[in-house]
Amino acid sequence: MRIDVVSLFPEFVATCAGFGVVGRAQERGLLALHGWNPRDHAEGNYRRVDDRPFGGGPGMVMLIEPLRATLAAARAADPQPAHVVYLSPQGRPLTQARVRALADLPRLILLCGRYEGVDERLLAAEVDEELSIGDYVLSGGELPAAVLIDAVTRLRDGVLNDADSAAQDSFEPDPALGGALLLDCPHYTRPPQHALGDVPEVLLGGNHAEIARWRRTQALGRTWERRPDLLDEAALSPADRRLLDAYRASRDDDGRAGD
């Protein structure tokens, strides 16, 4: 997969993408990441990329022509068609489902805004979609771009050492729930006993059926506690309903959670 990033600070994104899963994907040739700075395509001695907004008001707006020229150069660098994403707090929320769809594409171009944003005419003419990583405002699109790169890269074939790892993540669709989403269950590792608590006995017994049942119960219960809105869309089977009811009863008995 090739991802091109249009940013005033392409080195920032490259640095974020140089570690962990994304860094290894680049080392193994599974991801090609390229940065493009609009200042390299700006005219004049000052390489200006922004100007005051029409109508007045604070801040600056990124100019059309430097961005348009940069996008054209990025597109021309590879014959594969590129899907252009503008990272913006006004965009659609980035979900795991959208990440999966983007991960199937051969190529992305990510446009990172700065200041008050980008001239709307450029967005209308050159951008395929706007995406947001949350209902808050950052100084620019570089951090959201790094988030998107990480989320997309880990779903590409061969990137993760265990292909089942991504399939078991939170927000992956659960076929047993008609494609609805669950949060992941808790995880533990060595040592089995610790001052902070012991690992649940069921995970130490080697009974795979009981372990699967425990993990399913915990995933249902954790989703009910933390993201009940996800269960509103879930078609719970009678078996899952019994597991969830048992979890809720256990939490009521402990006095830690209730309806």
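The values are calculated or read from the model by the stated rules, or taken from the named source; none is laboratory data. These numbers were taken from a predicted model, which means no experiment stands behind them. Glycine also receives a Cβ, built like all others from the backbone with ideal geometry; neighbour counts cover every protein chain displayed.
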### Set ALA176, ALA151: member being among the small types (Gly, Ala, Ser), outside any strand (DSSP E or B) and modelled with pLDDT of 95 or more
ALA151
## Note on the structure
Per the filter on the range 101-115, residues without any contact (Cβ under 8 Å) to a residue 60 or more places away in the chain and touching a strand residue (DSSP E or B) at 6+ places or on another chain (Cβ under 9 Å) are LEU102, GLY113
### Task
Check every one of the helices (runs of 4 or more DSSP H) wholly within the range 1-93 and list those with 2 or more residues that are under 12 Å from ILE109 (Cβ atoms).
64-76
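Here's the yes/no breakdown for (1) aliphatic (A, V, I, L, M); (2) assigned by TED's automatic domain parsing to the domain that holds ARG248; (3) within 24 Å of HIS83 (Cβ to Cβ):
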site: VAL127; (1), (2), (3): yes, no, yes
site: LEU131; (1), (2), (3): yes, no, yes
site: GLY134; (1), (2), (3): no, no, yes
site: GLY140; (1), (2), (3): no, no, yes
site: HIS187; (1), (2), (3): no, yes, no
### Message
So if I check each of LEU155, LEU123, which one is free of Cβ contacts under 8 Å to residues at least 40 places away in the same chain, buried (at least 17 other Cβ atoms within 10 Å of the Cβ) and at negative phi?
### Response
LEU123
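For the range 9-51, what are the residues that are β-branched (Val, Ile, Thr) and farther than 28 Å from GLY117 by Cβ? Spell out the reasoning first.
Taking the range 9-51 as the starting set, the residues that turn out to be β-branched (Val, Ile, Thr) are 13, 15, 21-22, 49.
The answer is VAL21, and nothing else.
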#### Entry: First in the range 206-232 and within 25 Å of PRO192 (Cβ to Cβ), second anywhere and of a type in the set (Asp, Glu) and assigned to a helix (DSSP H, G or I), Cβ under 8 Å, 6 or more apart
ARG216/ASP240; LEU220/ASP240
### Task
Quick one: SER139 ticks every box in (1) free of Cβ contacts under 8 Å to residues at least 40 places away in the same chain; (2) of a type in the set (Gly, Ala, Ser); (3) crowded, with 19+ Cβ neighbours inside 10 Å except a single one, so which number is it?
(3)
### Message
Could you go through the range 126-142 and let me know if any residue there is touching a helix residue (DSSP H, G or I) at 6+ places or on another chain (Cβ under 7 Å), within 30 Å of GLY158 (Cα to Cα), charged (D, E, K, R) and not in a strand (DSSP E or B).
### Response
yes
### Query
Has the range 97-108 got any residue that is surrounded by 13 or more Cβ atoms within 10 Å (Cβ to Cβ), within 18 Å of the chain's Cα centre (by Cα), part of a strand (DSSP E or B) and not β-branched (Val, Ile, Thr)?
yes
### Message
Of the conditions (1) surrounded by fewer than 19 Cβ atoms within 10 Å (Cβ to Cβ); (2) more than 22 Å from the chain's Cα centre (by Cα), GLY221 satisfies every one except a single condition; which number is it?
### Response
(1)
